[in-house]
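The values are calculated or read from the model by the stated rules, or taken from the named source; none is laboratory data. Worth saying up front: this structure is predicted, and the values here are computed from it rather than measured. Cβ: placed from backbone, ideal geometry, glycine included. Neighbour counts: every protein chain shown. Areas reflect the complete protein model, heavy atoms only, side chains present, ligands, DNA and RNA absent. Shrake-Rupley method; radii C 1.70, N 1.55, O 1.52, S 1.80 Å.
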Amino acid sequence: MKILMASSEAVPFAKTGGLADAVSALSLTLAKQGHEVKIILPRYYSINRDKLSPLEGELGVRTGGGEEWCAVYTTDLPGSPKKNQVQVYFIDHELFFGRDGIYGTPWEPDFLDNSRRFTFFSRAVFQFCRKIGWYPDVLHAHDWPAALVPVFLKHGERGSVEFAKTVSVLTIHNLGYQGIYSKDNFYYTGLGWDVFYNAGFDDWNMMNLLKAGLNSADKINTVSPHYAQETQTPVHGFRLDWVLRYRSADYIGILNGIDTSVWNPQKDPYIPEPYSVKEMRGKAKAKAALQEEFGLPVDPEVPIIGMVTRLTEQKGVGEVFGPAYGSAWSICKDMDLQMVLLGSGESWCENEIKSLAYRLPNFKAHIGYSEKESHLIEAGSDFFLMPSRYEPCGLNQMYSLAYGTLPIVRNTGGLVDTVQNYNQETGAGTGFMFDDLTPSAVYNTVGWAVWAYYNRRDDIEAMRITGMKQNFSWEKSAKKYIDMYETALAVVS
Ligand code: ADP
Ligand code: GLC
C-alpha cells in the first residue's frame with residue numbers, strides 16, 4: 001500500500017509532544033511490514049537544510065491568495081529498513097516557516113497566520129504528489145494542522161484522475177487543539193463558501209479546521225480505544241462530541257505503541273547498566289544515578305516519584321503544583337519519599353515548581369527538555385506520576401511500565417487502556433489509579449503507592465515484572481491501521 005503521512009511533527013525533525021513520536025514510529029513499522037510510506041512536513045527554520053537534498057525545481061501551490069511558490073527537500077527517516085526507506089519531504093516556504101517555533105513562540109504562542117501556514121502546507125501536499133508523480137492510496141493526516149488534507153481531497157482533488165482512488169484518514173492525537181481562527185482567513189483555502197458550510201468549517205461564526213477535517217475524512221481514529229469513547233461524550237468532546245457521534249461508524253480508537261528500539265532497559269545508552277526481568281540490578285543503579293543527577297541523597301530505600309511532562313492544564317499540573325492548593329507540598333512534607341520532575345511549559349507552573357524545589361529538600365526539578373534525563377527518570381524512579389485531566393493515549397506511562405516503574409495515573413483516556421489498577425487483595429495490577437482530578441485524590445493515591453512500597457514490597461516487585469512483560473510494540477497497532485485503510489479503500493475501488 002502507498003501511504004503519505006501529512007503531519008506538523010515527526011521525530012527526529014520537529015517535536016513538541018507524542019505526536020512526533022507516533023508519526024515516525026508508525027511510519028517505520030508500516031515500512032517494515034512492506035508498505036511504501038512517505039512523510040511530508042513543513043521545513044521549519046530549526047531543520048538544517050544543509051543536511052537535506054533539494055528536489056529540482058519549485059512547487060507552485062494555488063491558494064485563495066494566488067499562487068505561492070516553495071521548494072521541497074528530502075531525506076531518509078533514520079531507522080528505516082534498508083530496502084524500503086521511509087522518505088521524508090519538507091515543504092520549504094520562507095515566509096511561513098522560516099522563523100523560530102512550530103506553532104508559536106513563548107511571546108506569541110499561536111502565530112497569527114497559523115491558519116494560512118497550515119492551509120498552505122495542506123494544499124502543497126497535492127502539488128507535491130504531482131511533482132514527484134506518486135499518488136498514494138492513503139493520505140493520512142494528523143491533528144488540526146493537516147486536517148485540511150481530507151477536506152481538499154473530498155472537495156476538489158478527488159475529482160482529478162490522479163486522486164480518484166485515494167482515500168483519507170484523519171488521526172486525532174489531541175482533541176483539545178482544533179485550529180479555530182477567524183473566518184476572514186477562509187478565502188485563503190481557495191474553497192467556495194458552499195464548502196465552508198457543507199464541510200462544517202463553521203463554528204460559532206469562526207472557522208474550525210479540525211471540525212472540517214473530521215467531517216471530510218473517509219475514516220477517523222484516535223490514539224486509544226477508551227479516548228475514542230470519551231470523545232463522543234460532552235465531558236471530553238471539546239464541543240465536537242456530536243460530530244464524532246455523527247461519524248461513529250467511521251471512528252475507532254487504535255492504541256499507540258512505543259518505539260522499543262529507543263525505550264528498552266536492555267539497551268538504553270542513557271542508563272548506567274542495562275536490566276531486564278531476569279536481572280534487575282541495573283534498575284537500582286539507575287536509581288542511584290538519578291538521585292545523583294538531581295542532587296538528592298543517594299538512598300536505595302526511599303521511594304522516588306518521577307514526572308516528565310509538558311507543564312500544561314491537560315496534564316493535571318494545577319492539582320499538583322497550583323499555588324496554595326496543589327498537593328506537591330503536602331506530599332513531599334508528609335511522606336517519606338523523593339520526587340523529581342523534568343518539564344517545561346506554562347510560566348506560572350515553571351515558577352511554582354522552582355519555588356517548591358527551593359523550599360523542599362526532597363523535591364528536585366529541571367525545567368527544560370532533555371532526552372537523557374527523561375530516560376533516567378523512567379528507569380530510576382519507583383513510581384511515575386501522570387495525573388492527566390485527559391490523555392488521548394500517553395506514551396510516558398508505557399515507557400514507565402517497560403522500565404519496571406509503576407504509573408500513578410488518573411482513570412482517563414489511554415491510561416485506562418494501558419494501566420491496571422493495583423488490587424490489594426490479590427496483589428495483581430501494574431499501577432495505581434484514581435478517578436477525580438483533585439489535589440486530595442493525587443495526595444491519597446501517591447500515599448497509597450508509598451504505603452504499598454513500604455508494606456507490600458512483594459506486590460510491588462511482582463507488579464514491576466508484570467509491567468515489563470507487557471507488549472506495547474507498534475506491530476499490533478500498525479496492523480489495525482492497515483485494516484482501517486483497507487476498509488476505506490474498499491469504497492473507492
Ligand atoms: P503529550 O504528547 O501529550 O505531551 P505523550 O505522553 O504522548 O504526551 O508524549 C510526550 C513525549 O514527550 C514523551 O516522549 C516524553 O518523554 C516527551 N517529553 C515531554 N516533556 C519532555 C521533557 N521536558 N524532556 C524530554 N522529553 C519530554
Ligand atoms: C498527543 C496526546 C498524547 C498522545 C500523543 C501521541 O500529544 O496528548 O496523549 O500520546 O498525542 O498520539
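Going by the conditions given, is Val302 within 16 Å of ligand 1 (Cβ to nearest atom) and closer than 21 Å to Trp448 by Cα?
The answer is no for Val302.
May I ask you to verify whether Phe13 is out of contact with any helix residue (DSSP H, G or I) (no Cβ under 7 Å at 6 or more places or on another chain) and closer than 28 Å to Ser347 by Cβ?
Yes, satisfied.
Any residue in the stretch 217-229 that is free of Cβ contacts under 8 Å to residues at least 60 places away in the same chain sitting within a Cβ distance under 8 Å of a residue that is more than 15 Å from ligand 2 (Cβ to nearest atom) and not basic (Lys, Arg)? List the pairs, counting only those 6 or more apart or interchain.
Between residues of the stretch 217-229 that are free of Cβ contacts under 8 Å to residues at least 60 places away in the same chain and residues that are more than 15 Å from ligand 2 (Cβ to nearest atom) and not basic (Lys, Arg), the close pairs are Ile220/Leu214; Ile220/Leu244; Ile220/Asp250; Ile220/Tyr251; Ala228/Tyr251.
Go through Val308, Val277 for me and flag whichever is part of a strand (DSSP E or B), touching a helix residue (DSSP H, G or I) at 6+ places or on another chain (Cβ under 8 Å) and either over 20 Å from Trp448 (Cα atoms) or among the charged types (D, E, K, R) (or both).
Being part of a strand (DSSP E or B), touching a helix residue (DSSP H, G or I) at 6+ places or on another chain (Cβ under 8 Å) and either over 20 Å from Trp448 (Cα atoms) or among the charged types (D, E, K, R) (or both) holds for just one of Val308, Val277, which is Val308.
Taking the condition of being within 16 Å of ligand 1 (Cβ to nearest atom) and either of a type in the set (D, E, K, R) or open to solvent by 10 Å² or more (accessible area, probe 1.4 Å) (or both), how many residues in the stretch 226-255 meet it?
The number of residues fulfilling the criteria is 6.
Only one of Glu313, Glu273 is surrounded by fewer than 22 Cβ atoms within 10 Å (Cβ to Cβ) and within 16 Å of ligand 1 (Cβ to nearest atom); which?
Glu313
Hey, among the residues in the stretch 280-296 that are touching a helix residue (DSSP H, G or I) at 6+ places or on another chain (Cβ under 7 Å) and not hydrophobic (A, V, I, L, M, F, W, C), which one's most open to solvent (accessible area, probe 1.4 Å)?
The qualifying residue most open to solvent (accessible area, probe 1.4 Å) is Glu293.
Open to solvent by less than 10 Å² (accessible area, probe 1.4 Å), among the hydrophobic types (A, V, I, L, M, F, W, C) and away from ligand 1 (no atom under 16 Å from the Cβ): does that describe Ala328?
Taking the combined requirement at face value, the residue satisfies it.
Which strands (runs of 3 or more DSSP E) does the stretch 363-412 wholly contain that include 2 or more residues that are within 13 Å of ligand 2 (Cβ to nearest atom)?
406-410
Starting from the stretch 70-84, take each residue that is assigned by TED's automatic domain parsing to the domain that holds Cys129 and list its partners that are among the acidic types (Asp, Glu) and open to solvent by 20 Å² or more (accessible area, probe 1.4 Å), counting only C-beta distances under 8 angstrom and pairs at least six apart or across chains.
Taking only residues 6 or more apart or on different chains, the pairs are Cys70/Glu58; Ala71/Glu58; Asn84/Glu36.
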